[in-house]
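S.K.: I have a structure here, written as structure tokens, and I will follow up with some questions on it.
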Amino acid sequence: MVLIQQIINGMALGGIYSLIAIGWTVVFGIVGLINWTHGEVFMIGAFVGFFLVSVYKVNLIAALIIAMLVSGFVALMIDRLAYRPLRTSPKLASFITALGASTFLRYLAALVWEPHARAYPPTFDFKVMQIPFGESTLTINSLQLFIFAVTLVIMALLQWFITRTMMGKAMLAASQDFEMVGLMGVEVERLVMLTFGVSGMLGGAAGVLVGVLYAIDPMMGSMAGLKGWAVAVLGGVGSISGAMVAGLLLGVAENVSSAYVSSGYRDAIAFVAMILTLVIKPTGLMGFKFEEKV
């Protein structure tokens, strides 16, 4: 019974991990950049949602949509100011710039919003449901069901965009051969802007949903970014479906380990899984390897 309970609880957290990981993987898959600022975009989305809900009394759904738009814009500005001037530079220059921009945004947020935790005010009358299960009872929080449903809707919309629209298909093609897409007539810079916008929106959505579950603070992006990268590696870097599945698996694994081992080890689960994946199957659960023919 405890195992089933923890699996249900982990699905909501896993959905959030999936959103973060997909934001990581679309940028790396298309631009080839390890975007360390994704965790800070996630943090900014969480704070935008917090102020909209707590100060301006905006409905949570509306706050989620606005936070996604703001986060997408922030990601676009980061690309325009930090990454675009280095587009043709060695990858190491972009990597160092990403680390620097991430650190700058994190401490700027701590300066502006002060480095202490905040909690979202209750916006909906979420209830705890008791469901009979054999001789025992399952306890399900409707808040977790809400978060899981929202993540499913966002991922379904993303899947539709990727597979049904021209720009989405161009993003999918660019993840396999970026240079060839440019030769086929696609505006490469426009495609990169769209990629960062989508990534930022996913990060902002994850930030708001985490804020509804837990407290937020300006330093929250560092661990979230690392876990997002770990999930992306586990699922297969560049694989959107792999990130979805790996995020859910990690969320469940963290909750199960907290119940049966210790809550102190839950953050280590992601990194152990990433190391094992790199050793055993470097392409990830659903990744694939391209062979270049000369």
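The values are calculated or read from the model by the stated rules, or taken from the named source; none is laboratory data. Worth saying up front: this structure is predicted, and the values here are computed from it rather than measured. All Cβ positions, glycine included, derive from the backbone under ideal geometry; neighbour counts span all protein chains shown.
S.K.: In region 1-41, which residues are more than 14 Å from Gly203 (Cβ to Cβ), in contact with a Ser or Thr (Cβ under 8 Å, 6 or more places away or on another chain) and not in a helix (DSSP H, G or I)?
M.R.: Met1, Leu33
S.K.: Another question about this same structure. Considering every residue within region 123-143, establish whether at least one is surrounded by 12 or more Cβ atoms within 10 Å (Cβ to Cβ) and under 30 Å from Trp36 (Cβ atoms).
M.R.: no
S.K.: Here are some residues: Met220, Met171. Which one is modelled with pLDDT under 90, surrounded by 19 or more Cβ atoms within 10 Å (Cβ to Cβ) and within 20 Å of the chain's Cα centre (by Cα)?
M.R.: Going through Met220, Met171 in turn, just one is modelled with pLDDT under 90, surrounded by 19 or more Cβ atoms within 10 Å (Cβ to Cβ) and within 20 Å of the chain's Cα centre (by Cα): Met171.
S.K.: Then there's this: Can you give me the number of residues within region 42-89 that are closer than 16 Å to Gly197 by Cα and either part of a loop (DSSP other than H, G, I, E, B) or in contact with a Lys or Arg (Cβ under 9 Å, 6 or more places away or on another chain) (or both)?
M.R.: 1
S.K.: Name the single residue, out of those in region 159-207 being in contact (Cβ under 8 Å) with a residue 24 or more places away in the chain and β-branched (Val, Ile, Thr), that is nearest to Gly242 (Cα to Cα).
M.R.: By that ranking, first place goes to Ile162.
S.K.: Take Ser71 and tell me if it is crowded, with 22+ Cβ neighbours inside 10 Å and not hydrophobic (A, V, I, L, M, F, W, C).
M.R.: It is true that Ser71 is crowded, with 22+ Cβ neighbours inside 10 Å and not hydrophobic (A, V, I, L, M, F, W, C).
S.K.: Here are the criteria: (1) of a type outside the set (Asp, Glu); (2) buried (at least 23 other Cβ atoms within 10 Å of the Cβ); (3) at pLDDT 90 or above. Tell me which single one Leu76 does not satisfy.
M.R.: Unmet for Leu76, out of (1) of a type outside the set (Asp, Glu); (2) buried (at least 23 other Cβ atoms within 10 Å of the Cβ); (3) at pLDDT 90 or above: (2).
S.K.: Something else about it: In region 223-259, which residues are part of a helix (DSSP H, G or I), more than 12 Å from the chain's Cα centre (by Cα) and not aliphatic (A, V, I, L, M)?
M.R.: Scanning region 223-259 gives Gly235, Ser241, Gly242, Gly251, Glu254, Asn255, Ser257, Ser258.
S.K.: Of Thr103, Thr97, which residue is under 30 Å from Ser222 (Cβ atoms), free of Cβ contacts under 8 Å to residues at least 12 places away in the same chain and not in a strand (DSSP E or B)?
M.R.: Result: Thr103 is the single residue among Thr103, Thr97 that is under 30 Å from Ser222 (Cβ atoms), free of Cβ contacts under 8 Å to residues at least 12 places away in the same chain and not in a strand (DSSP E or B).
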